[in-house]
Amino acid sequence: MLESNRKETAILAATFFTGIFTELDLAIVVGAITSLCVFLYDSAHPVVAVGAPTNINGRRVFKNAATYGLPECPQISVIRVDGPLFFASVENVEQQFRKAEAASPVPKTKLMGLKGLWKIDLSGASLLLKEIRRARKAGADFRIFTTNAPALLILKRLHVFDELGRENLHNNKGEAIAAAVAAADDNICKDCKLRMFMECAQKPGGAA
């Protein structure tokens, strides 16, 4: 919200001061160009957030782990991508993936939510294929959860699901978490004190 307000303020300031010192027509043009620049920048830098569950007013909700200082599961990483995944943004998204990986001592299974994904092209699909292969080569896995019909259609057409496997495509986060927890390493689970997900109760060392 604060970042959005800053951008809106910058657009307003550019338009306002141009209007004061020059003609109104030029101010409108400057405002339009500034808005376009902000849009292009945002498109090339989609939000990639690692989420973790927490209790708020008795409800279990997911929040940005880094922003709220929440602990993360040592085996599973829940990732949300909000924005386009196309040729201009894949480099930034991949950098954010590597940054998230660097914070973990062991490879994690990635659960990637595409609810906020409103555009994907061949470059974006190639990045997903690369991440799927990278996770599995490291001994982890990759799962996608979404009901975003346009994204599903594009991913199918670009053969992402052929690599992912239908069993790793889920309708929602809950389904993806349940499958990932069931497949998690029991030797790590039995000594884990975090018990991040409700499904963890069914693993060795859980309360079940």
Name the residue from T146, A125, F161 whose Cα lies farthest towards the positive end of the charge dipole of segment 57-172, charges +1 on Cβ of Lys and Arg and -1 on Cβ of Asp and Glu. T146
Measure off, as a whole percent, the carbon and sulfur share of the 1.4 Å-probe accessible area of segment 95-186, all protein chains present. 56 percent
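Can you give the accessible area per residue of segment 69-142, in Å², using a 1.4 Å probe? If you can, show how the numbers build up before the last one.
Details: 3550 Å² over 74 residues.
I get 48 Å² per residue for segment 69-142.
Explain nothing, just the number: dipole magnitude of segment 91-208 about its Cα centre with +1 on each Lys and Arg Cβ and -1 on each Asp and Glu Cβ, in debye rounded to the nearest 20. Kindly include the intermediate steps, with their values, before the conclusion.
Working: 20 positive and 14 negative charges, 28 e Å.
That gives segment 91-208 a dipole magnitude of about 140 debye.
In debye, nearest 20, what is the charge dipole magnitude of segment 53-95 about its Cα centre with +1 on Lys and Arg Cβ and -1 on Asp and Glu Cβ, if you could check?
Values: 4 positive and 4 negative charges, 75 e Å.
Here the size comes out at about 360 debye.
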What full-extension length gain, to one decimal in nm, is calculated for V47 and R133 as 0.36 nm per residue of separation minus the Cα-Cα distance? 28.7 nm
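Averaged per residue, what accessible surface does segment 156-208 expose to a 1.4 Å probe, in Å²? All intermediate terms of the calculation are to be shown ahead of the outcome.
Working: 3250 Å² over 53 residues.
Value returned for segment 156-208: 61 Å² of accessible area per residue.
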Could you pull out every residue, at least 5 positions away or on a different chain, whose amide H is within less than 5 Å of the one on I120? Hs are placed 1.01 Å off N in the peptide plane, and Pro or chain starts have none. L85
Evaluate the charge dipole of segment 120-166 about its Cα centre and quote only its size in Debye, nearest 20, assuming +1 on the Cβ of each Lys and Arg and -1 on the Cβ of each Asp and Glu. 140 debye
So how far apart, in nm, are the two label points at S123 and T9 if each is 7 Å from Cα heading toward Cβ? 3.2 nm
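Using the structure shown, list the pairs from K110/K203; K156/K203; K156/K193; K130/K193; K63/K190; K115/K190 with a Cα-Cα distance above 30 Å, or answer none. Each step should come with its number before you reach the end.
Working: K110/K203 19 Å; K156/K203 33 Å; K156/K193 39 Å; K130/K193 32 Å; K63/K190 25 Å; K115/K190 33 Å.
From K110/K203; K156/K203; K156/K193; K130/K193; K63/K190; K115/K190, over 30 Å: K156/K203; K156/K193; K130/K193; K115/K190.
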Using the Karplus curve 6.51 cos²θ - 1.76 cosθ + 1.60 with θ = phi - 60°, work out ³J(HN,Hα) for each residue of segment 99-115 in order, rounded to whole Hz, and write x for Gly and Pro. 5, 5, 5, 4, 7, 10, x, 10, x, 10, 6, 9, 10, 10, x, 10, 4
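The values are calculated or read from the model by the stated rules, or taken from the named source; none is laboratory data. The structure presented is a predicted model; accordingly, all values stated were derived computationally and were not measured. Virtual Cβ from ideal backbone geometry, glycine too; neighbours counted across all protein chains shown. Note: areas computed on protein heavy atoms with side chains; ligands, DNA, RNA excluded. Shrake-Rupley method; radii C 1.70, N 1.55, O 1.52, S 1.80 Å.
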